[in-house]
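The values are calculated or read from the model by the stated rules, or taken from the named source; none is laboratory data. Please read these numbers as outputs of a predicted model, since none were measured by experiment. Virtual Cβ from ideal backbone geometry, glycine too; neighbours counted across all protein chains shown.
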Amino acid sequence: MRLSSTSHSRRWWALVAVSISQLMVALDATVINIALPRAQVDLNFSPANRQWLITAYALAFGSLMFLGGRVSDLWGRRRALIVGLVGFALASVVGGSAKTFGVLVSARAIQGVFGALLAPAALASLTTTFREPRERAKAFSIFGAVGGSGAAIGLILGGALTQWASWRWCLWVNVIFAALSFIGVMLFVDAGRTHERTHLDLVGSVLGSAGLFALVFGLGRAVTTGWGNVDTWMSLVVGAGLMVLFVIWQGRTRFPLLPLRIVTNRTRGGSLIALFITSVGIFAISLFLAYYMQNTLNYSPLKTGLLFLPLVGALGLSATLASARLLALVGPRPLVPVGMLLGMMGMILFTKLPANADYLGHVLPGLVLTGLGLGLIFAPSTASATAGVEPRDAGAASAMVNTAQQIGGSVGTALLNTIAVITARRMSCGANGAMNCHFTTGATIHGYAVAFWWAAGFFGVGAVVTFFMLESGAPELDGEVALS
């Protein structure tokens, strides 16, 4: 039975519209990375402040995700998408035109605010539009491929724009994505408001947003101050405490921001864990390989970005072909654990990176294996994490998906980067080496290798956990959906 009120063609055009918005949000987490050196010269900010251009986006995005998801339930999907797209585009214009570091950081934070509204609304639109199992599997495979490859596409696009135009176009280009998505949303996306009245949980909003902010802030500080810093741990402890209070409150309030019934489902919980672990691993690929190819192999930003294309291609092939055809038949359990194992194998191959240029022998095989694995993880996990959700909870469930990915990326940034830096410092300068000591090439590559081993371990644990938590068979729907 087809439960969507939209025609067949409108559903697929709606998928195109929200996929473009998801691509914009996903690639903005990395598109600025390759442009940072030139932006630093242009705006004259210190290396110590450089990381805040990434952290400001992650802070706003991660901390407001729960609130953004519930607001999309309250306003309706289409209105939330429109507001999110317009706000994101305006913030991108301001950031691209920035003359000072403060304006650029503020613009990145505002991008994160509107991204926290945009991402859950985009996913919720698919959740309530595609209900028939086979169509749903195909739609989420495409959406998962777009979102999963966004980080790699961001590196490619950032390299091309920085080398051929200006680092400012890494922000201005969002206006093009936003305009295309805006037209599609206006034409093809339903309002998406439920007939039930949705209330906004103000106490839960404060607790959840403040808790996630403190967690992401603490993880971001760990990158530059190390894990021995008192303020870092204070932020993490406060964040964890607030999140505990948030969970307790959600179990007691009449109108929860995040209904606990969403996360207590076994398959849904396993899917969220899979997305969290995968986001940790993606960081290792996007950052360490970008540094390795530019700083060790001396490739240009454009060449570095283009060399990530095999990852994007393998991910797209895996998600759109294998997942689209198999998810509705066998369910997430065979697919996600196999994807985790492929990701683990890719990480292990990256631990063998040499100091000399050998892209075909050491980088390419790992990119292909990892890309195939990510495609098997993202699409089934995203579909399973939102399957069977009532329309009134679609935004909240979608927010959980995006939150798992955002927090996973923050953990990856803090944990793996700290491991790589400490390992390289000890190898180059001894156990008590100064913070600013010079790293040798061999020590730097060894630091990458140790971080990749940790990433491989995450994928290995993920394979075991998802094998036991996920269920075989197509995700069941909890009931019919009436869209308005």
For this session: Please enumerate the residues belonging to region 209-266 that are among the polar types (S, T, N, Q), modelled with pLDDT of 80 or more and crowded, with 17+ Cβ neighbours inside 10 Å.
Result: Ser209, Thr232, Ser235, Gln250
For this session: Identify, from the list Arg78, Arg108, the residue that is among the basic types (Lys, Arg), crowded, with 24+ Cβ neighbours inside 10 Å and either free of Cβ contacts under 8 Å to residues at least 40 places away in the same chain or assigned to a helix (DSSP H, G or I) (or both).
Result: Arg108
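For region 315-322, state whether one or more residues are surrounded by fewer than 18 Cβ atoms within 10 Å (Cβ to Cβ), of a type outside the set (Asp, Glu), under 21 Å from the mean Cα position of the chain (by Cα) and modelled with pLDDT under 90. Spell out how you get there, then give the answer.
From region 315-322, those surrounded by fewer than 18 Cβ atoms within 10 Å (Cβ to Cβ) are 317, 321; that's our starting set.
With the extra rule that they be of a type outside the set (Asp, Glu), the set shrinks to 317, 321.
Then drop every residue that is not under 21 Å from the mean Cα position of the chain (by Cα), which leaves 317.
Among the residues that remain, those that are also modelled with pLDDT under 90 are: 317.
Yes, region 315-322 contains a residue that is surrounded by fewer than 18 Cβ atoms within 10 Å (Cβ to Cβ), of a type outside the set (Asp, Glu), under 21 Å from the mean Cα position of the chain (by Cα) and modelled with pLDDT under 90.
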Exercise. Arg261 passes all but one of (1) part of a loop (DSSP other than H, G, I, E, B); (2) within 27 Å of Met400 (Cα to Cα); (3) out of contact with any Lys or Arg (no Cβ under 8 Å at 6 or more places or on another chain); which number fails?
Worked result: (1)
